[in-house]
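A.B. asks: For reference, the structure I am asking about is given below.
The values are calculated or read from the model by the stated rules, or taken from the named source; none is laboratory data. These numbers were taken from a predicted model, which means no experiment stands behind them. A quick note on method: Cβ atoms are made from the backbone with ideal geometry, for glycine too, and the neighbour counts reach across all protein chains shown. The accessibility values were calculated without ligands, DNA or RNA, using every heavy atom of the protein model including side chains. Shrake-Rupley method; radii C 1.70, N 1.55, O 1.52, S 1.80 Å.
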Amino acid sequence: SQQGEEDPQALSIQEGENATMNCSYKTSINNLQWYRQNSGRGLVHLILIRSNEREKHSGRLRVTLDTSKKSSSLLITASRAADTASYFCATCGTSYGKLTFGQGTILTVHP
Amino acid sequence: DTGVSQDPRHKITKRGQNVTFRCDPISEHNRLYWYRQTLGQGPEFLTYFQNEAQLEKSRLLSDRFSAERPKGSFSTLEIQRTEQGDSAMYLCASSFPPLLEGGELFFGEGSRLTVL
């Protein structure tokens, strides 16, 4: 079963705009990770944030985590057409070593 | 290329046939995971191995599904008596260090199963 709910399910923006995707989850976590998937391909890890962190940056990516609200957001700044993909959040629980994925956000960036 | 490799990339079979997928993880990764993904959904966990030991198996994995990792290196996922509902992308991933220690999953390109 899916742990997370992602919002929005689909997002369409113009190149240069920022894209924000949100993820909510239900149980306590050790860390939360974001992955990207191009159509029909495998997933690629983007960024990891631990439960004791509130914000993390990597290049054009910024992820926030609010454990009190059990939610996270991924911001992609200055988007490019090549950012078009599906984005998934995944939670790692506190007592088991697997990731539980959300249903994803489909991002389309128009040139 | 030392990434995760999966074979075959695409399998078309008739209902009732058995299929087997193979996954070769990154060589130094001792953890190996199988996920299933259907169109428009996120990956769903099936099972994972630490070395050759199968540590967890999802309730999604019916008796028709079996996974092995005999020498702690490559893994196979077999589906017996396939049903149309088994049509999906089967994803393999490996990791080191452990996810609880901040490890990440490295995914293969997946094996797409179509059951006619």
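A.B. asks: For residues in the range B:87-98 being in contact with a Lys or Arg (Cβ under 8 Å, 6 or more places away or on another chain) and of a type outside the set (Ser, Thr, Tyr), which is nearest to B:GLU109 (Cα to Cα)?
C.D. replies: Filtering the range B:87-98 for residues that are in contact with a Lys or Arg (Cβ under 8 Å, 6 or more places away or on another chain) and of a type outside the set (Ser, Thr, Tyr), the one nearest to B:GLU109 (Cα to Cα) comes out as B:LEU91.
A.B. asks: Another question about this same structure. Please find, among A:LEU65, A:LEU43, A:LEU48, the residue that is closer than 23 Å to B:LEU99 by Cβ and touching a Phe, Trp or Tyr at 6+ places or on another chain (Cβ under 7 Å).
C.D. replies: A:LEU43 is the lone residue from the list that is closer than 23 Å to B:LEU99 by Cβ and touching a Phe, Trp or Tyr at 6+ places or on another chain (Cβ under 7 Å).
A.B. asks: Let me ask something else about it. Applying the selection to the range B:90-116, what residues are within 8 Å of another protein chain (Cβ to nearest Cβ), surrounded by fewer than 22 Cβ atoms within 10 Å (Cβ to Cβ) and among the hydrophobic types (A, V, I, L, M, F, W, C)?
C.D. replies: Hits for the range B:90-116 are B:LEU100, B:PHE106.
A.B. asks: Can we say A:HIS57 is within 12 Å of chain B (Cβ to nearest Cβ) and either part of a strand (DSSP E or B) or of a type in the set (Gly, Ala, Ser) (or both)?
C.D. replies: no
A.B. asks: Moving on. State yes or no: is A:ILE106 closer than 27 Å to B:TYR35 by Cα and either surrounded by 20 or more Cβ atoms within 10 Å (Cβ to Cβ) or touching an Asp or Glu at 6+ places or on another chain (Cβ under 6 Å) (or both)?
C.D. replies: It is false that A:ILE106 is closer than 27 Å to B:TYR35 by Cα and either surrounded by 20 or more Cβ atoms within 10 Å (Cβ to Cβ) or touching an Asp or Glu at 6+ places or on another chain (Cβ under 6 Å) (or both).
A.B. asks: Now a separate question. Taking the condition of being assigned to a loop (DSSP other than H, G, I, E, B) and open to solvent by 20 Å² or more (accessible area, probe 1.4 Å), how many residues in the range B:32-71 meet it?
C.D. replies: Here the count works out to 14.
A.B. asks: In the set A:SER24, A:SER72, A:SER12, A:SER39, which member is within 23 Å of A:THR108 (Cα to Cα) and either charged (D, E, K, R) or open to solvent by less than 40 Å² (accessible area, probe 1.4 Å) (or both)?
C.D. replies: A:SER72
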